[in-house]
Amino acid sequence: TRHLLGIKDLNVADLQLIFETADNFKSVLNRPIKKVPSLRDVTIANIFFENSTRTRLSFELAEKRLSADVVNFAASSSSVSKGETLIDTVNNILAMKVDMVVMRHPYAGAGVFLSKHVKAQIVNAGDGAHEHPTQALLDAFSIREQYGDVAGKKVVIVGDILHSRVALSNILCLKMLGAEVMVCGPTTLIPKYIKELGVIVEHDLRKALNWCDVANMLRIQLERQDIKYFPSIREYTMLYGLTKPILDSLDKKITIMHPGPINRGVEISSDVADGEHSIILDQVENGVAIRMAVLFLLAGQTG
Ligand code: CP
């Protein structure tokens, strides 16, 4: 594939190739000299129409470790505020001889739309509540690193499934790799169509945690909710917040993940987020190797 717009564009062989390439880049990143010349003479624009810490910085670091030339664009400080359209904005950036565009956008489908209207390779860094493919790749890579394989593992995604691009991309990626996937949360935050993706739905957090090997805790995406939120944040924390006493009461040890940003004390307590079963910062570390792999493999698909 020429672009990376969503997990649904990939097959199992693509996922394995991305993971094996990321294995190699991860060992490079652990060397004193972390930089490789693979993308010399490739120019990449990171265009972010929505806030980001991890995704923006890890794409930029991945590009720099690959020796690409990098330009960064934040919509808030650009001429978008003067009325310039997305296509005009990107075509102006491309006129400066840019090869690849990494884009985050608040609207679902923005990456697909752009890929049809401009002559550049597009990498989706999160489009509204639709997909966040590199997050799902780094999450699956982190599970593979913990257990040796993703196939057969039981993964529960807890929280605001309705508004989450991380949930959709994770479900597609994990199912393709042969994991069993459950979603857990209040009925108001679990869309009806989710069962069509072959996932189990559970509303009881303790039952979900006792079932799983891995729990991926999501935050409540208040920025995507235009209705009055139900349950309230306080009720959500009482019913779905993961705390140390809950973790200690389980029949087995489970791995704790979170894509970030964390709302400490809401969906997860600090002692769990920072505890011995948490791989949250390993996920962030793996994000650089995964994004290096994606950019490197896409650069070989320019036709
Ligand atoms: N996980 C994630 O996408 O974080 P950012 O929004 O900070 O990039």
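The values are calculated or read from the model by the stated rules, or taken from the named source; none is laboratory data. Computed from a predicted model, the values in this text were never measured in an experiment. Positions of Cβ are generated from backbone atoms using ideal geometry, with glycine treated the same way; all protein chains shown enter the neighbour counts.
Structural remarks
- Within the stretch 193-209, residues that are under 23 Å from residue 268 (Cα atoms) reach partners that are buried (at least 18 other Cβ atoms within 10 Å of the Cβ) and hydroxyl-bearing (Ser, Thr, Tyr) with beta carbons closer than 9 Å, at six or more positions or on different chains, in the pairs 205/240.
- Looking across the stretch 89-142, just one residue is on the phi > 0 side of the Ramachandran plot, in contact (Cβ under 8 Å) with a residue 60 or more places away in the chain and surrounded by fewer than 22 Cβ atoms within 10 Å (Cβ to Cβ), and that is 128.
- Test: residue in the stretch 62-69 that is within 17 Å of residue 103 (Cα to Cα), within 16 Å of the ligand (Cβ to nearest atom), in the same structural domain as residue 106 (by TED's automatic domain parsing) and surrounded by 15 or more Cβ atoms within 10 Å (Cβ to Cβ): yes
- Cβ-Cβ distances below 6 Å connect the following pairs, each with a first residue in the stretch 33-51 that is free of Cβ contacts under 8 Å to residues at least 40 places away in the same chain, a second residue that is of a type in the set (Val, Ile, Thr) and surrounded by fewer than 21 Cβ atoms within 10 Å (Cβ to Cβ), and a separation of six or more residues or different chains: 36/28.
- Being at pLDDT 95 or above, more than 16 Å from the ligand (Cβ to nearest atom) and part of a helix (DSSP H, G or I) is a property that residue 196 has.
- Some residue of the stretch 248-258 being at negative phi, among the acidic types (Asp, Glu) and modelled with pLDDT of 95 or more: yes
- Residue 76 fulfils the conditions (1) crowded, with 17+ Cβ neighbours inside 10 Å; (2) within 16 Å of the ligand (Cβ to nearest atom) except for a single criterion, (1).
- Close Cβ contacts (under 7 Å, 6 or more residues apart or on different chains) running from residues in the stretch 258-274 that are in contact (Cβ under 8 Å) with a residue 12 or more places away in the chain to residues that are among the charged types (D, E, K, R) and more than 16 Å from the ligand (Cβ to nearest atom) comprise 269/244; 271/244; 272/244.
- Selection status of residue 25, more than 16 Å from the ligand (Cβ to nearest atom) and either out of contact with any strand residue (DSSP E or B) (no Cβ under 8 Å at 6 or more places or on another chain) or part of a helix (DSSP H, G or I) (or both): yes
- Count of residues meeting criterion [within 16 Å of the ligand (Cβ to nearest atom) and either over 24 Å from residue 59 (Cβ atoms) or not in a loop (DSSP other than H, G, I, E, B) (or both)] in the stretch 267-293: 16
- With respect to being of a type outside the set (A, V, I, L, M, F, W, C), under 20 Å from the mean Cα position of the chain (by Cα), part of a loop (DSSP other than H, G, I, E, B) and within 16 Å of the ligand (Cβ to nearest atom), residue 51 fits the description.
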